[in-house]
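The values are calculated or read from the model by the stated rules, or taken from the named source; none is laboratory data. Remember, predicted model here, so these are calculated numbers, not experimental data. Positions of Cβ are generated from backbone atoms using ideal geometry, with glycine treated the same way; all protein chains shown enter the neighbour counts.
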Amino acid sequence: MPSVFPHLRSSFGRRILLLFALCIVVPGVLFGYISLRQVEDKFHQDTVRRMRLQSREIVMSIHGGFSSIETEVEFLAGILGDGTTPTPGRSSDWGWLFHDRPLLGATVLRDGSRTEALSGNPCPLPPRTDAARRHLASSHGLLYLQRNAGGSPRFFLAHAIRGKAPERELLVCEVNPDYLWERVRNAAPPVTEIAVLSPDGATLFQTRPLPVAVLGRVEQERRKGPAGSLEWGQGSETLLVDFSAIFLKPAFLSDDWIVVVSQSRSEAFAVARHFMWALFLSVALVVLIAVFFAHVLIRKSVAPLAVLKEGTRRISGGDFDSRVKIGSGDEFEDLARSFNTMADHLGREFRTQAEMGRIVRAILSETEKEKIVGAVLDNMNAVVPCDSVGLSLVGSGAMKNAAITYVREDVSIVPSVTREAALSLSTEEICRIKSAEKSAIVGEGAEFGNFLSGWTGTRPAAFLLSPLVSGGELVGTLILGYRNPPDPAREILIRIRQVADQTTVALSRARLIEELAQNDLGTLAALARTVDTNSHWTAGHSERVTDLAMDLGRELGLPTHEIDRLHRGGLLHDIGKIGVPTLILDKPGKLTEEEFAVIKRHPSKGAMILDPIPNLQNVIPIVSQHHERFDGKGYPNGLSGESISLHARILAVADVVDALASDRPYRPGWSREKVLAYTLENSGSQFDPSVVEAYHRIEASRRGKTPVETGSTGT
């Protein structure tokens with residue numbers, strides 16, 4: 001490529017080429033991404049809406065089928081009850097009513113038990129309930145099902161014979177399921193799968209078998225309402241599912257059936273994928289066009305840049321007398337003149353910047369606010385001569401109108417005393433000082449009010465102020481005091497501004513480090529809540545266990561960093577339960593051996609999950625050992641005594657205490673007294689005695705009692 005495009009030997013040429021491409025690619029990709037998301041959202045909304053309409057159409061089709069069948073049954077019941085119409089004596093006489101019709105057969109029930117088959121197989125008795133008798137007496141059909149072992153269920157529709165009491169004479173007809181399912185197939189659109197579920201969730205009809213997990217999700221969702229939508233699976237294998245209830249109770253006294261409509265996400269979003277490929281091809285074409293125009297422009301720029309590059313190389317070697325000549329008559333010639341001017345300034349500024357290096361390094365080497373303040377006050381006089389120096393730090397959030405000023409009133413005294421003064425600032429004062437962000441300010445100071453109220457001794461005659469602004473917010477103000485009004489040169493103001501900028505960076509970094517530490521704990525707390533919400537019975541469990549474990553650690557005299565370790569370990573101790581099914585966690589009865597084996601694996605799974613995270617290595621023993629027992633009968637490794645981490649022994653007590661005191665699906669929560677008695681009873685066997693004693697001391701202090709009064713023996 002260099003022989004064909006020699007100008008691309010320059011790194012600048014390659015960079016410009018890349019920038020040209022990026023200037024097109026980034027907006028194109030962003031536009032494409034937004035467009036793709038909008039298309040996907042639109043397709044998703046349309047698909048959900050369409051599937052909802054389809055499910056309702058199928059519901060209406062099934063309901064209409066039953067209504068049509070009821071009309072025929074009512075007609076047949078009218079024939080039987082009409083005294084002017086002779087009753088056929090043989091079942092073959094009724095064949096014309098059942099040939100290729102929605103009914104497979106009919107049976108007359110007389111005197112509540114005697115049956116007379118008119119056609120087809122005998123029909124079973126309908127449910128004998130008061131509600132059924134009232135429903136039949138009101139001239140409505142009664143729909144019920146009969147399940148056959150290993151076969152399809154049979155559907156029956158009972159109707160009172162006209163003029164007869166339902167308990168005396170009743171017509172029962174067997175519904176032809178093929179008639180119903182043919183209506184469903186006719187109503188079902190292409191590439192859409194249909195399933196019809198009975199009231200108890202059994203499959204009555206389906207065009208293609210649905211995963212058991214999908215049917216389980218539908219069963220869960222239908223408890224929340226008669227209709228709904230859900231997604232199951234991942235990626236292209238995701239199924240879009242919509243379900244609607246068939247309200248059969250008013251007309252047929254039957255519990256609601258459920259119609260389930262499903263479609264593969266990959267089929268529903270096929271058009272979106274085509275759009276995506278077309279978009280990618282368009283972006284690629286635009287990039288190629290951009291590269292071509294970049295190639296043309298780069299050729300006109302590389303030669304002057306080569307001259308500038310050589311001049312820069314000489315300057316970087318310390319030759320500040322070096323000058324460059326470019327006669328291109330365009331911006332590159334202007335750039336060459338500016339370059340030469342810059343070389344003059346660099347020579348003068350080189351030594352000044354060397355002097356500033358020490359204070360900048362001193363400031364930026366610190367990560368704590370107090371040490372940064374000390375570095376500024378200790379070194380400021382060496383960089384910019386002054387009589388006194390102060391640094392005001394403004395609060396953030398709700399404290400944004402409060403500030404603390406750190407003042408050295410006489411920098412000639414070594415070591416000088418630093419004094420702190422709390423300030424209350426008005427919004428106008430903050431806006432006024434922030435508006436001077438670009439340069440230091442010389443003045444008597446009256447217009448800045450409380451910013452200059454930290455001096456209690458002889459007040460300086462004038463001040464130089466330089467605001468510290470980060471992200472558009474005022475962080476603080478660097479204040480230099482002078483007994484005699486100064487007339488600082490521009491370089492002095494630039495130097496003060498540089499110190500102020502570096503101080504802003506250091507303070508912002510210190511604040512960021514503090515916020516990151518808080519966010520780290522917040523992330524762990526959010527993860528703990530995610531684990532706990534796997535079962536509504538354990539909501540808040542990890543945070544309560546963590547609070548008690550930290551209290552136990554403080555009671556045992558652990559240092560701050562060990563308490564922090566308990567904090568992190570407590571929040572993450574049950575992370576392995578991510579892999580435990582909710583059915584096991586919420587089981588109201590006793591767990592089977594297999595189910596308990598799944599539970600017993602969660603400490604090891606938790607350790608495996610945390611293993612790749614370097615800064616959480618010290619909490620892995622807490623996670624993996626918090627179900628070990630002091631007598632060695634715990635799990636997963638059967639550790640005993642002090643071979644178990646002290647933090648895990650502490651967490652074991654906190655974990656059991658919260659579990660016993662909380663409601664569970666298999667029992668209500670214990671009283672505080674019963675929990676105290678349990679921990680005392682199992683001290684030395686399940687629990688570390690010293691941790692149990694600490695727990696009893698905490699409970700005693702909370703209730704204003706001695707450990708003896710709470711039941712602790714102190715052993």
Which of the residues belonging to region 99-139 are polar (S, T, N, Q) and part of a strand (DSSP E or B)?
THR107, THR115, SER119
I want to confirm something. Restricting to region 285-322 and keeping residues that are basic (Lys, Arg) and at pLDDT 80 or above, which single residue is nearest to SER11 (Cα to Cα)?
ARG313
Is it the case, given these coordinates, that ARG101 is surrounded by fewer than 15 Cβ atoms within 10 Å (Cβ to Cβ) and at pLDDT below 70?
no
Anything in region 616-656 that is in a loop (DSSP other than H, G, I, E, B), surrounded by 17 or more Cβ atoms within 10 Å (Cβ to Cβ) and charged (D, E, K, R)? List them, or say none.
GLU628, ARG629
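Within region 172-194, how many residues turn out to be within 12 Å of ILE62 (Cβ to Cβ) and either assigned to a loop (DSSP other than H, G, I, E, B) or not charged (D, E, K, R) (or both)? Outline the logic, then answer.
Taking region 172-194 and keeping what is within 12 Å of ILE62 (Cβ to Cβ), we get 175, 177, 179-188, 194.
Now restrict to residues that are either assigned to a loop (DSSP other than H, G, I, E, B) or not charged (D, E, K, R) (or both): 175, 177, 179-181, 184, 186-188, 194.
Adding up the residues that qualify gives 10.
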Looking at GLU221, GLU231, can you tell me which residue is assigned to a helix (DSSP H, G or I) and either of a type in the set (S, T, N, Q) or assigned by TED's automatic domain parsing to the domain that holds GLN146 (or both)?
GLU221
Restricting region 579-601 to residues that are more than 19 Å from SER662 (Cβ to Cβ) and in a loop (DSSP other than H, G, I, E, B), the residue that is nearest to the chain's Cα centre (by Cα)
PRO581
Which members of region 166-178 meet the condition of being in contact (Cβ under 8 Å) with a residue 40 or more places away in the chain and buried (at least 19 other Cβ atoms within 10 Å of the Cβ)?
GLU169, LEU170, LEU171, VAL172, CYS173, GLU174, VAL175, ASN176
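For region 663-704, give me each residue that is free of Cβ contacts under 8 Å to residues at least 24 places away in the same chain and closer than 18 Å to LEU651 by Cβ. Explain how you work it out, then say what you get.
Let us first name the residues in region 663-704 that are free of Cβ contacts under 8 Å to residues at least 24 places away in the same chain, namely 667-671, 674-675, 678, 681-682, 693, 696, 700-704.
Across region 663-704, the qualifying residues are VAL675, TYR678, ASN682, GLU693, HIS696.
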Of the conditions (1) surrounded by 12 or more Cβ atoms within 10 Å (Cβ to Cβ); (2) modelled with pLDDT of 75 or more, SER416 fails just one. Which one is it?
(2)
For SER61, only one of the following conditions fails: (1) closer than 30 Å to LEU171 by Cα; (2) free of Cβ contacts under 8 Å to residues at least 60 places away in the same chain; (3) not β-branched (Val, Ile, Thr). What is its number?
(2)
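Among the candidates HIS561, HIS567, single out the residue that is assigned by TED's automatic domain parsing to the domain that holds PRO665, surrounded by fewer than 16 Cβ atoms within 10 Å (Cβ to Cβ) and without any contact (Cβ under 8 Å) to a residue 60 or more places away in the chain.
Values: HIS567 fails: surrounded by fewer than 16 Cβ atoms within 10 Å (Cβ to Cβ).
Selected residue: HIS561, the only one of HIS561, HIS567 that is assigned by TED's automatic domain parsing to the domain that holds PRO665, surrounded by fewer than 16 Cβ atoms within 10 Å (Cβ to Cβ) and without any contact (Cβ under 8 Å) to a residue 60 or more places away in the chain.
Quick check, is LEU474 at pLDDT below 75, over 16 Å from ALA382 (Cα atoms) and not in a loop (DSSP other than H, G, I, E, B)?
Values: at pLDDT below 75: no; over 16 Å from ALA382 (Cα atoms): yes; not in a loop (DSSP other than H, G, I, E, B): yes.
Taking the combined requirement at face value, the residue does not satisfy it.
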Among the residues of region 657-708, which ones are outside any loop (DSSP other than H, G, I, E, B), at pLDDT below 85 and more than 17 Å from ARG544 (Cβ to Cβ)?
ARG667, ARG703
Output for Cβ contacts, cut-off 6 Å, separation at least six or different chains, first residue not assigned by TED's automatic domain parsing to the domain that holds GLY576 in region 587-616, second aliphatic (A, V, I, L, M), reads none
